[in-house]
Amino acid sequence: MKPKTVAVASDHAGIVLKAALAEDLKGLGYTVLDLGPATADPVDYPDFGHALAQSVTAGDAEIGVAVCGTGIGISITLNRHRGVRAALCHDSLSARLSRQHNNANVLALGERLIGIETARDALRTFLETPFDGGRHEARVDKIDRGAS
């Protein structure tokens, strides 16, 4: 089932890529819930990562896209939340495998590390790839059970 609403968030180091991907999502027919920031003024990525996690776990958005300078900090923040499986991806292959094998529900990207076209390819792949289930289902269940 194709998600209808995608939440996006970043810090100041990811705002340009976040904005570009949000426009791409709108062009593909998605409703975009932009959780900020609205400017490039310095902010703390955990604040926006927590907001994105809350949006996904509350059901306000089916999936999320998170961007910071490297993607590392915001993905760590997101993965502190039960029910969030944020995957830091660097290309379409890692995006595809994160969906197929891990049922990732948040795509994390690093603006300083990934080019715009590679990020767009990763996003399209993430959106189009279903979870394989099967042998991966039990592993994902173990992730979710072990979260605090």
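Each semi-axis of the equivalent ellipsoid for the chain is √(5λ) with λ an eigenvalue of the Cα gyration tensor; in descending order they amount to 22, 17, 14 Å. Taking a Cβ cut-off of under 12 Å around Gly27, the surrounding Lys, Arg, Asp and Glu residues balance to a net charge of +1, with basic ones at +1 and acidic ones at -1. When Cys89, Cys68 are arranged by Cβ crowding within 10 Å, least crowded first, meaning fewest neighbours, the order is Cys89, Cys68. Helical content alone sets the calculated 222 nm signal of the chain at -14500 deg cm²/dmol, taking -39,500 (n - 2.57) per DSSP H segment of four or more residues and averaging over every residue.
Rule-based calculations on the coordinates, nothing more; no lab input. As the structure is a prediction and not an experimental result, all values here were calculated from the model. Counting neighbours? That spans all protein chains shown, and the Cβs are built from the backbone with ideal geometry, glycine included.
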